Amino acid sequence: MNHIPVSASPNKCSTCVLGQFCLPVGLSSDDIQKVDSLVTERVRLKKGEPLYRQGDALTAIYGIRFGTLKTEYALPDGREQITGFHLPGEMLGLDGIGENTYQSNAIALEDSEACVVRFNDFEQLARQLPSLQNQFHKILSRELTQDQRHLLSLGTLRAEERLASFLLNLSDRLSARGYSPHEFHLRMSREEIGSYLGIQLETVSRLFSRFTESGLIQIKQRHIKLVDTDGLLELAGKSRAIHCTHVQ
């Protein structure tokens, strides 16, 4: 992990294009300037490097600046359950607040960079800025809601519905960040997708083949093209209007 001071960098929270997803949402320009003081360094990660490990003491929360990370929970028997895939603008480390220790591993799926927000400094500033505290509560609520939806999908949706919903959600999240919603590179392996969706690797591969044969997608290794978005929506049991309201 490479630590990068940002004191001389022009890239601050107040000028970051990802501010619409992160802490500055809803803050006045004066308050955003104060938030700038929270980020004094960034960390750069190589693919496969951990941002933090399960059980580490909570020292900071992180905002992804670029790249993709996964979070995973290590079970006592050595197995690992993936709990999320995280894109630029999203916050990591929030699961450590309750127990003051991180409850998962956060691992880079590609070369990535994250802004470091020291949690003690954040708490002090949040007491002074109700708008910042309110935005942080919204982020926590959004994370909780997303986790609840994911648990609901694991308990109620068939495997093909889960995969279709996953692809649509990833498409919308990438689109919101300025990337193509129809064609993108999967940074996670099929095994990792299966772990997140509660599906065996063989089932994931079989479903990708079925989606391809049905004309829903085109896929070559990890590069995927969504050919029939309406068909995926129908398979996932969602209308376009309802689906768009669930984008994170």
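The values are calculated or read from the model by the stated rules, or taken from the named source; none is laboratory data. Keep in mind that what you see is a predicted model, and the values were worked out from it rather than measured. Note: ideal-geometry Cβ built from the backbone for every residue, glycine included; neighbour counts use all protein chains shown.
Quick check: is even one residue across the stretch 67-77 touching a helix residue (DSSP H, G or I) at 6+ places or on another chain (Cβ under 7 Å) and modelled with pLDDT under 95? Don't jump to the end; show me each part of the working.
Quick first cut of the stretch 67-77, residues touching a helix residue (DSSP H, G or I) at 6+ places or on another chain (Cβ under 7 Å) only: 70.
Narrowing the set further to residues that are modelled with pLDDT under 95 leaves none.
Looking for residues that are touching a helix residue (DSSP H, G or I) at 6+ places or on another chain (Cβ under 7 Å) and modelled with pLDDT under 95, one finds none in the stretch 67-77, hence no.
Any idea which residue in the stretch 126-160 is nearest to the chain's Cα centre (by Cα), counting only those that are modelled with pLDDT of 90 or more and crowded, with 16+ Cβ neighbours inside 10 Å?
Restricting to residues being modelled with pLDDT of 90 or more and crowded, with 16+ Cβ neighbours inside 10 Å, the top hit is His150.
Only one of (1) exposed (fewer than 15 other Cβ atoms within 10 Å of the Cβ); (2) under 15 Å from the mean Cα position of the chain (by Cα) is not met by Leu87, so which one is it?
Every condition holds for Leu87 apart from (1).
Does any residue in the stretch 26-38 that is acidic (Asp, Glu) come within less than 6 Å, Cβ to Cβ, of a residue that is outside any helix (DSSP H, G or I) six or more places away or on a different chain, and which pairs are these?
Filtered contacts from the stretch 26-38: Asp31/Leu129; Asp36/Lys12; Asp36/Cys13; Asp36/Ser14.
Please work out if Leu170 is out of contact with any strand residue (DSSP E or B) (no Cβ under 6 Å at 6 or more places or on another chain) and closer than 18 Å to Leu235 by Cβ.
On the way: out of contact with any strand residue (DSSP E or B) (no Cβ under 6 Å at 6 or more places or on another chain): yes; closer than 18 Å to Leu235 by Cβ: yes.
Considered against the rule, which asks whether it is out of contact with any strand residue (DSSP E or B) (no Cβ under 6 Å at 6 or more places or on another chain) and closer than 18 Å to Leu235 by Cβ, Leu170 comes out as yes.
Here are Ser205, Ser180: which of them is in a loop (DSSP other than H, G, I, E, B) and farther than 19 Å from Leu69 by Cα?
Only one candidate passes the filter, namely Ser180.
Go through the stretch 28-46 and report how many residues are within 17 Å of Ile4 (Cα to Cα), out of contact with any helix residue (DSSP H, G or I) (no Cβ under 8 Å at 6 or more places or on another chain) and surrounded by 13 or more Cβ atoms within 10 Å (Cβ to Cβ).
Applying the first criterion (within 17 Å of Ile4 (Cα to Cα)) to the stretch 28-46 yields 36-46.
Of the ones still in play, those that are also out of contact with any helix residue (DSSP H, G or I) (no Cβ under 8 Å at 6 or more places or on another chain) are 36, 39-46.
Add one more test, that the residue is surrounded by 13 or more Cβ atoms within 10 Å (Cβ to Cβ), and what stays is 36, 39-45.
Number satisfying all stated conditions: 8.
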